[in-house]
1. Using a 10 Å cut-off on Cβ atoms, rank the peptides 184-196, 159-171 from the highest mean neighbour count down.
2. Students often check this: by mean Cβ neighbours within 10 Å, which of 66-72, 33-39 ranks highest, and how do the rest follow?
3. Taking θ as phi - 60°, what are the ³J(HN,Hα) couplings along the range 149-162 by the Karplus curve (6.51, -1.76, 1.60), each to the nearest whole Hz, with x for Gly and Pro?
4. So how far apart, in nm, are the two label points at Asp208 and Thr130 if each is 7 Å from Cα heading toward Cβ?
5. With label points built 7 Å along Cα→Cβ from the Cα atoms of Ala201 and Asp187, find their separation and express it in nm.
6. Counting only residues 5 or more places away or on other chains, whose amide H sits under 5 Å from the amide H of Arg154 once H atoms are built in the peptide plane?
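Only the coordinates and a few stated rules stand behind these numbers; no lab work does. Keep in mind the model is a prediction, meaning the values are calculated, not measured. Using ideal geometry, Cβ is built from the backbone for each residue, glycine included, and neighbour counts are taken over all protein chains shown.
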Amino acid sequence: MEEQNRIHARVRALLAKAESTDFAEEAAVYTAKAQELITRYAIDRAVLEEVEGRGQITTRLIEVPSPYPKEKFVLLGGIARANNCRAILGIEHKVLYQMVEDKSLFDLRGRVSTVVGYESDLDAVEMLFTSLLIQAVNEVMAHGTQITEWGENRTRSFRRSFLYQFAWTVRERLAEVTEVARKDAADQKPSLLPVLADREAAVLSVVDERFPGTSPLRSSVTNVEGVVAGEAAGRRADIGSQRLRPGQRTLSP
């Protein structure tokens, strides 16, 4: 636990630096390093838990705030996959009933995702999603209201398309960082590959058991300018972000 707390503190420090810098390239370095550190720690944990026969798969509810929860969920899903977890946009029936009974469901402002994975991996997913969501909001809000030359307000379609493409671009970059870290570790210790494969298979098995019949999320992208801007932001800032100004945390539709 002490080692885990130390790693998490370093990750949070890296993300804080990425959020505070005004230089996208610098943010990219900090946040890519955070993902690399998370991946290497996850590999060490996988080896330890394999030897000791420990490590349990669990679930965690992560709120995906409105507006545009589907597009924001794409970001969460990518972060989850990069960290050997899987995200489902929804709640198990028994958990949902309990939330209704204790009235905690009514405190939510958006949609809820259930993320399945090992505990330490879930911690990483939650930290990264919080940081990257801040960046996504900052980036899209900086573009302001979108009015065509004919006077048509296309702000909603622009933001939806921006967030969707931003999420996919970040997903790709997270996957690249994770793949490189895993390959480097496997080159040093080939026996890691079956261990990591077994853990991924175990997570998928739990998802299939507890969430049967799930299907890929469908989301329409209709604004070309939003797509272009979203991809540029995702590549420019990689997985970094800047701190929110007071009152900017909620993205208006």
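1. So the order, starting with the most tightly packed, is 159-171, 184-196.
2. 33-39, 66-72
3. Each residue's phi maps through the Karplus curve to give 5, 9, x, 7, 7, 10, 4, 5, 5, 4, 5, 5, 5, 4 Hz.
4. Placing both labels 7 Å along Cα→Cβ, they lie 3.4 nm apart.
5. Reported label-point gap for Ala201 and Asp187 is 2.7 nm.
6. Answer set, sorted by chain and number: Gln146, Ile147, Thr148.
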